[in-house]
Amino acid sequence: MTNKRLVGKRVLVTAAGQGIGRASALAMAAEGAQVFATDVNVDALATLEGVEAFVLDARDNHSVEEGVARAKPEVLFNCAGFVHHGTILDATDDELDFAFDLNLRSMVRTIRAALPRMLKRGKGSIINMSSACSSVIGAPDRFIYGTTKAAVIGLTKSVAVDYVAQGIRCNCICPGTVESPSWHDRVDVLGKILGSKEEAMQQFVSRQPMGRVATAEEIAALVVYLASDDSAFTTGHPHIIDGGWSGQ
Ligand code: NAD
């Protein structure tokens, strides 16, 4: 008898090479899931242990269809996303197209590919990566990002309501600031704009009333919960995990 929470579950994770996706893939494997960890970064995938790692480009229909056919997931964690800096007046059409494709349409691709099998089994948990910066709260210079992540909440609710009676759950996660490789890049970008990396770091940290950023593992714990049957009575919700940012 095991008390691991994800034994017997096949899980597909996008963007599992680093950051929250990686921490979540490892956390779900530790809970007994058979994890298919995917990314476009071959080198990052090569450092993962205890999971089946392979390349899946979330922006490519064929790659997604192949990857989903291989993983046959009961749990799908759509983690891929990118943060653009700037206001509506800074945003270019190319940046908008890229972000809507990676942050939102990638989820449409994976869900379209995975849902028919989930429906046949009468069971599935889809977890989409949104952000506190979305329809939950506005953040300065995050026009493209906040817009796409708000759309993820709409996508989540729509899928949830359409399939709630057929055993499918669809939730999303809305983290505040989380330590990850790309977050360090964003601190560098803001540091150059402000002329001080320390001030940039302070701006990111002070958004959370808890006075710190999250670890990827703290977000992974929520992913494990939503993947597991412990969360059987929740669907259609943005699960906010933001150090109190939006809760004041
Ligand atoms: P990250 O940004 O450091 O890593 C992103 C990963 O995505 C990389 O491994 C990259 O190779 C992969 N990737 C890029 N394009 C891809 C594609 N086309 N197909 C598959 N994979 C691709 O990781 P992170 O900061 O933990 O962010 C992960 C997710 O969490 C993103 O959706 C992000 O928007 C969201 N998020 C992050 C934070 C934060 O503060 N870090 C907060 C809220 C939400």
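The values are calculated or read from the model by the stated rules, or taken from the named source; none is laboratory data. Quick caveat: nothing in here was measured; it's all calculated off a predicted structure. As a convention, Cβ positions derive from the backbone with ideal geometry for all residues, glycine included, and neighbour counts pool all protein chains shown. The accessibility values were calculated without ligands, DNA or RNA, using every heavy atom of the protein model including side chains. Shrake-Rupley method; radii C 1.70, N 1.55, O 1.52, S 1.80 Å.
Observations on the model:
- Of all residues in the stretch 211-240, those being out of contact with any His (no Cβ under 9 Å at 6 or more places or on another chain), within 14 Å of the ligand (Cβ to nearest atom) and of a type outside the set (Gly, Ala, Ser) number 10.
- Subset of the stretch 28-42 (residues that are within 13 Å of the ligand (Cβ to nearest atom) and either open to solvent by less than 30 Å² (accessible area, probe 1.4 Å) or not aliphatic (A, V, I, L, M) (or both)): Phe36, Ala37, Thr38, Asp39, Asn41
- The set of residues in the stretch 48-84 that are open to solvent by less than 40 Å² (accessible area, probe 1.4 Å), more than 10 Å from the ligand (Cβ to nearest atom) and in contact with a Lys or Arg (Cβ under 9 Å, 6 or more places away or on another chain) comprises Leu48, Phe54, Val68, Ala71, Pro73, Glu74, Val75, His84.
- Note on the stretch 152-168: residues that are under 17 Å from the mean Cα position of the chain (by Cα), open to solvent by less than 30 Å² (accessible area, probe 1.4 Å) and more than 9 Å from the ligand (Cβ to nearest atom) amount to 5.
- Taking the listed residues Val213, Val159, Val178, the one that is farther than 24 Å from Leu26 by Cα and aliphatic (A, V, I, L, M) is Val159, with no other qualifying.
- Meets criteria (within 15 Å of the chain's Cα centre (by Cα) and of a type in the set (A, V, I, L, M, F, W, C)) for Leu76: yes
- Just so you know, in the stretch 85-126 the residues that are closer than 13 Å to Thr148 by Cβ and not aliphatic (A, V, I, L, M) include one that is most open to solvent (accessible area, probe 1.4 Å), and it is Arg105.
- Subset of the stretch 1-14 (residues that are in contact with an Asp or Glu (Cβ under 6 Å, 6 or more places away or on another chain) and either β-branched (Val, Ile, Thr) or open to solvent by 30 Å² or more (accessible area, probe 1.4 Å) (or both)): Lys4, Arg5, Arg10
- Residue check, Trp245 within 10 Å of the ligand (Cβ to nearest atom), among the hydrophobic types (A, V, I, L, M, F, W, C) and surrounded by 13 or more Cβ atoms within 10 Å (Cβ to Cβ): no
- Filter result (within 11 Å of the ligand (Cβ to nearest atom) and of a type outside the set (Ser, Thr, Tyr)) within the stretch 123-143: Asn128, Met129, Ala132, Cys133, Val136, Ala139, Arg142
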